[in-house]
């Protein structure tokens, strides 16, 4: 009986978190789908062929406007690299795609507050700058050649179909494109493509967060994160945050519920930011890097990524502390407030109706067949 009560408590906490962020998550997916519908991927590849400031800025902007699925971002980055983008810009694109996107920002805002949203956006831009500098100083031609040779082999990873699909609507005035039947179809397809890509990570993120919140005492987190030791806590949090993310096996928006648990448990503000950045360091994605670019290039990307994630998280945390903007309240509403009739519930119901309308369009326009192709390698699709 006690076991069932504990399981029920964990599931209730998971559902409460999900219900609180359902509408911002759906809104984020919708905004991302609209942008992807209006921006052609072919144009992205042609714009990232130079490691100039403009190239880095475009890689960041295009990444922020694309899908937040980490696996799709990694697949698309390789596709861009093979089509002429520089290796550095390809990696910067995928970092922006997983850290400066609509759905991640909206979920952070609702679940943790504006400070975390601001830190994520500022830290994401800072991390891009750090990556560009480190790549300029350390990325050798031999590594790029090794990565290019391996990438040309087209070794399958995951979500290549998602990364390669381009359903953008081009030609004609902007408003006419947005309201056209083709655009509505593309938006519905991109929307459910994102849902299909991320549902496992989201499910795992909410379930793991609910279990940790219900079963792991705060004292454990306090000892692990050396809570209450000022600068030492900030540094340690920024160092251990990416490691915790690696071991969680959860990426993209699925990291946010876990971040809420870590914040309540006592990890530093810097640690939360670094943890969220580290979704591209989970072990399955490192294995895809190995297949895409060889083991030596993967080792280089791991070291550079870990260092820039930790440093960006630490610098943003210290900046917010210096400005007096760092949050101090560790009470996460989703852990203490049950589902009730409030504005969250009203918005959730409204977006559920919108999702249902998009689903009808999706099913009537070959969406299921599109999903079947999405996970297949591009060569198989062409065949």
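Taken together, the values in this text are just the output of simple stated rules run on the coordinates, not laboratory data. Just so you know, these numbers come straight off a predicted model, no measurement behind them. Here the Cβ is made from the backbone with ideal geometry for all residues, glycine too, and neighbour counts use every protein chain on show.
When each of the peptides 121-127, 10-16 is scored by the mean number of other C-beta atoms lying within 10 Å of its residues, the order from highest to lowest reads 121-127, 10-16. Mean-square fluctuations from a GNM of the chain, with a 10 angstrom spring cutoff on Cα atoms, peak among 208, 352, 282 at 352.
A simple spin-label model places pseudo-atoms 7 Å from Cα toward Cβ; at residue 136 and residue 222 they are separated by 4.6 nm. Each peptide in 50-62, 323-335, 302-314 was scored by the mean count of other Cβ atoms within 10 Å over its residues; highest first, the order is 302-314, 50-62, 323-335.
Put a dot 7 Å past the Cα of residue 4, heading toward its Cβ, do the same for residue 247, and the two dots end up 3.3 nm apart.
Compute the Cα gyration tensor for the chain, then decide on rounded, prolate or oblate, letting a ≥ b ≥ c be the square roots of its eigenvalues: rounded whenever a/c is under 1.5, prolate when a/b is larger than b/c in the other cases, and oblate in all that remain. Oblate shape, in that a/c is at least 1.5 and b/c is the bigger or equal ratio. Place a point 7 Å from the Cα of residue 181 along the Cα-to-Cβ direction; which residues of the stretch 357-374 have their backbone N under 18 Å from it? 358-367, by backbone N distance to the label point. With helices as the sole contributors, the chain gives -25000 deg cm²/dmol at 222 nm; each DSSP H run of n ≥ 4 counts as -39500 (n - 2.57), and the sum is divided by every residue. Measuring nothing but how far apart in sequence close Cα pairs (under 8 Å, 6+ apart) lie, relative to its length, the chain scores a relative contact order of 24 percent. If R0 is 41 Å, the Cβ-Cβ spacing of residue 343 and residue 52 corresponds to a FRET efficiency of close to 0.35.
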